[in-house]
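The values are calculated or read from the model by the stated rules, or taken from the named source; none is laboratory data. Keep in mind that this is a model prediction, so the values were computed, not measured. Every residue, glycine as well, gets a Cβ built from its backbone with ideal geometry; the counts of neighbours run over all protein chains shown.
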Amino acid sequence: MNILVIYQSLAHGNTEKIAKVIASNLNAQISKIGEIKSIDLLKFDILGFGSGIFFGNFHSSILELIDKMENFSGKKAFFFSTSGMRNIRIFHNFNKKIRNKLLEKGFEIIGEFSCRGYDNYGLLKIIGGINKGRPNEKDLLKAEKFAQNLKKL
Ligand SMILES: Cc1cc2nc3c(=O)[nH]c(=O)nc-3n(C[C@H](O)[C@H](O)[C@H](O)COP(=O)(O)O)c2cc1C
C-alpha cells in the first residue's frame, strides 16, 4: 500500500507529532502541506490529512488542498487533528467539513483521529494555556494504535 500523510502544524507543532507517529507506523511517506506541490497524489492508495483546529475547522490550507483535488474515487482517506477542545458533534463538529469534502471527492473514509493539543490562543494565554504537554505519551500511543488499526483494514 502506498500511503501519504499530509499535514499542517502551525501553532505549536502539536499535529506534527501525531503525523510523524501515524506515518512511521504505516510506513507512509509524510509531507508538510507546503511540500506537496511536486507530488503526484494520484499515485497513492491512501491519503491521510491532519492539522490543528482553527476556529472550529481543519486549517484552511488542508481544506483548500482538498477543494483543488480531482476525483479520487476508489482511493481511501483518513484524517486527524489536535485541538484545544474535544470535538462535540452538536455544537463544535470540526470533522464535518473535511469529511464532507473528502466524500465529495470520492474518497472512502477509513478513519478519524483527534486528541488534545496545547492551546494558548487568545484569553487562554492569561492562564498559561490549556492541555500543557499535549499531545503527551498517552496521546502518541493512541495515535500509534489508530495507525495499527488502519493497517488491518
Ligand atoms: C488562531 C487559533 C484558533 C484556534 N481555534 C480553535 C478552535 O476553534 N477549537 C479548538 O478546539 N482549538 C482551537 N485552537 C487550538 C489549536 O487547535 C491547538 O492548539 C492545536 O493543537 C494546534 O495544532 P498545531 O500546533 O499542530 O498547529 C486554536 C488555536 C489558534 C492559534
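What's the number of the only condition in (1) away from the ligand (no atom under 13 Å from the Cβ); (2) buried (at least 17 other Cβ atoms within 10 Å of the Cβ); (3) without any contact (Cβ under 8 Å) to a residue 60 or more places away in the chain; (4) hydrophobic (A, V, I, L, M, F, W, C) that residue 146 fails to meet?
Of everything listed in (1) away from the ligand (no atom under 13 Å from the Cβ); (2) buried (at least 17 other Cβ atoms within 10 Å of the Cβ); (3) without any contact (Cβ under 8 Å) to a residue 60 or more places away in the chain; (4) hydrophobic (A, V, I, L, M, F, W, C), residue 146 misses just condition (3).
Quick check: anything in region 32-48 of a type outside the set (Val, Ile, Thr), part of a strand (DSSP E or B), buried (at least 19 other Cβ atoms within 10 Å of the Cβ) and out of contact with any Asp or Glu (no Cβ under 9 Å at 6 or more places or on another chain)?
yes
Here is a check on your reading of the model: is residue 45 charged (D, E, K, R), farther than 27 Å from residue 134 by Cα and either touching a residue at least 12 places away in the same chain (Cβ under 8 Å) or within 10 Å of the ligand (Cβ to nearest atom) (or both)?
Yes: the conditions hold for residue 45.
Report the residue count in region 49-61 for those that are hydrophobic (A, V, I, L, M, F, W, C), within 11 Å of the ligand (Cβ to nearest atom) and part of a strand (DSSP E or B).
The total comes to 3.
Which of (1) modelled with pLDDT of 95 or more; (2) surrounded by fewer than 17 Cβ atoms within 10 Å (Cβ to Cβ) does residue 85 not meet, given it meets every other one?
In the conditions (1) modelled with pLDDT of 95 or more; (2) surrounded by fewer than 17 Cβ atoms within 10 Å (Cβ to Cβ), residue 85 misses (1) alone.
Would you point out the residue of region 110-136, among those that are under 22 Å from the mean Cα position of the chain (by Cα) and aliphatic (A, V, I, L, M), that is modelled with the highest pLDDT?
Applying the filter and picking the extreme gives 110.
Of all residues in region 2-22, which are in contact (Cβ under 8 Å) with a residue 12 or more places away in the chain and part of a loop (DSSP other than H, G, I, E, B)? Full working, then the answer.
First, the residues of region 2-22 that are in contact (Cβ under 8 Å) with a residue 12 or more places away in the chain: 2-12, 14-19, 21-22.
Within region 2-22, 2, 8, 9, 10, 11, 12 meet the criteria.
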